[in-house]
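Structure record follows, encoded as structure tokens.
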Amino acid sequence: MSTPFELAFKYMPTPAFIVESSSGKLVSYNHNFEVMFENFNATPSNTWESLCADATSVEDWHKLNTKIQNGSIERCESLIRVGDKLVNMQLELQHLGESVLACVYNTDHMDFSAAENTLLKFALTESSAGLWIWETESDLVSCSKSIATLLGIPQEKTPQSTAEWHAIVHPDDVKRLGDLVDEHVAHNQDYYEVEYRIQKSDKSYLWVKERGRTYSKRVDGSIKKVIGFVVDISHQKALEEHLRNQATFDELTGLLTRGAALTHFKKQLGLAKRQYTPLTMAKIHLDANDRLSTLSMEARNIAIQTSARHIYKKIREADVLARVEGDKLLLLLPNTSVKDAKKLLNHIINPTEDEKIVLLEGNSDPMDFCIGIATFPEDGETIDELALSANQAVEDGQAKSKQIVVN
């Protein structure tokens with residue numbers, strides 16, 4: 001070692017020692033490592049197997065050294081012999097070619113407040129994040145105050161084992177979470193990330209993202225401690241759900257959007273082709289008389305909404321109804337002949353007296369409806385062809401002042 005390195009090593013604040021890679025002998029240790037032993041009226045051992053209670057022979061050192069060299073272990077925990085005492089210490093290990101540098105940290109009493117402030121290089125910028133530490137052998141879970149705040153419970157009531165943690169995880173998410181963490185430990189992985197729902201003190205669930213990282217390993221390479229945090233992502237999940245609904249369902253009417261309906265239309269068309277069953281498409285113009293254009297935007301939206309609800313209540317479970325334009329709907333009627341389609345559509349344009357009252361209160365009048373019918377395969381063999389034929393029938397109906405027109 002060069003003189004500058006020797007001086008820096010000797011007076012570095014962290015207790016440290018150097019082990020010869022080939023033999024496991026301690027070739028040097030710094031002042032603070034020596035002081036740690038002096039406090040117990042002891043001197044450091046001169047070999048790894050005599051220093052570490054987990055090692056029984058030099059072969060144990062060779063196995064550990066191999067793991068250090070290939071990068072599978074950078075940090076481990078071990079019982080270190082300090083005089084007649086065994087002290088649980090965390091060792092950060094760095095391969096230096098012919099030797100290994102070990103920096104020593106006492107982990108018997110981890111300073112949780114310090115850990116939460118630094119999160120061991122995790123970026124804890126979110127105010128709703130909470131830190132936890134899990135000891136795999138004892139299954140002890142230690143939760144920070146921020147987790148207690150997140151769950152709305154006193155810190156002493158936070159989960160203290162995986163079983164207690166899983167007890168407040170949503171039943172649909174428990175297995176997925178458990179399997180992922182088990183895999184992390186079984187394969188000695190460095191990092192995992194998972195999203196799930198967790199129950200608060202008021203019995204409501206919030207979505208969290210959990211990020212876990214291996215914090216320390218045993219000398220055999222197995223995971224001893226995992227540290228991580230959970231952060232509340234409920235608002236993000238709500239936004240994702242809103243965007244999904246916007247992409248799938250029309251915001252005004254609650255019907256399928258054109259894009260979402262297309263998937264259903266193609267599926268039904270495929271069934272009709274394979275099973276040789278009838279398939280009818282109806283284009284419904286809700287304002288064929290151009291009456292809605294005279295209303296205010298609010299009144300027009302109410303009318304479209306009311307009309308859509310009326311039609312939706314009249315169709316069957318297998319039928320597919322979508323809003324494809326501002327005042328136009330597209331209705332697909334699987335396994336339905338033109339005769340049966342006209343019968344169903346007549347019920348739509350001829351409401352009962354009670355239905356008329358509801359429709360009029362919502363600015364809707366079925367007399368404004370014009371419906372064009374197209375059938376597979378006569379009027380088209382694709383969804384686009386059927387829609388074009390149904391639209392042409394609507395235009396013919398408007399020109400002839402007819403409410404139901406077959407192309």
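Within segment 171-198, the set of residues being surrounded by 15 or more Cβ atoms within 10 Å (Cβ to Cβ) and closer than 20 Å to residue 234 by Cβ comprises 173, 174, 177, 194, 195, 196, 197, 198. On the stretch given as segment 359-395, residues that are more than 21 Å from residue 340 (Cβ to Cβ) and in contact with a Gly (Cβ under 8 Å, 6 or more places away or on another chain) total 4.
Taking the listed residues 298, 317, the one that is surrounded by fewer than 18 Cβ atoms within 10 Å (Cβ to Cβ), assigned by TED's automatic domain parsing to the domain that holds residue 267 and in a loop (DSSP other than H, G, I, E, B) is 317, with no other qualifying.
Scanning segment 349-364 for residues that are among the hydrophobic types (A, V, I, L, M, F, W, C) and either surrounded by fewer than 17 Cβ atoms within 10 Å (Cβ to Cβ) or touching a residue at least 60 places away in the same chain (Cβ under 8 Å) (or both) turns up 357, 358, 360.
Selection of segment 22-32 for residues being crowded, with 20+ Cβ neighbours inside 10 Å and over 18 Å from residue 82 (Cβ atoms) yields only 24. The residues on offer are 138, 146, 201, 216, and the sole one that is polar (S, T, N, Q), over 15 Å from the mean Cα position of the chain (by Cα) and assigned to a strand (DSSP E or B) is 216. On the stretch given as segment 390-402, residues that are in contact (Cβ under 8 Å) with a residue 60 or more places away in the chain and within 49 Å of the chain's Cα centre (by Cα) total 4. Scanning segment 385-406 for residues that are acidic (Asp, Glu) and outside any helix (DSSP H, G or I) yields a total of 0. All conditions in (1) surrounded by 17 or more Cβ atoms within 10 Å (Cβ to Cβ); (2) of a type in the set (A, V, I, L, M); (3) out of contact with any Leu (no Cβ under 6 Å at 6 or more places or on another chain); (4) within 22 Å of residue 12 (Cβ to Cβ) hold for residue 35, with the sole exception of (1). For segment 149-164, the tally of residues that are in contact (Cβ under 8 Å) with a residue 40 or more places away in the chain and in a helix (DSSP H, G or I) stands at 2. Just to be sure, is residue 216 under 30 Å from residue 103 (Cβ atoms), surrounded by 11 or more Cβ atoms within 10 Å (Cβ to Cβ) and in the same structural domain as residue 140 (by TED's automatic domain parsing)? When the stated conditions are applied, residue 216 passes them. When the criteria are applied in full, residue 49 fails the requirement of being assigned to a strand (DSSP E or B) and of a type in the set (D, E, K, R).
The values are calculated or read from the model by the stated rules, or taken from the named source; none is laboratory data. Keep in mind it's a predicted model, so treat the numbers as computed, not measured. Virtual Cβ from ideal backbone geometry, glycine too; neighbours counted across all protein chains shown.
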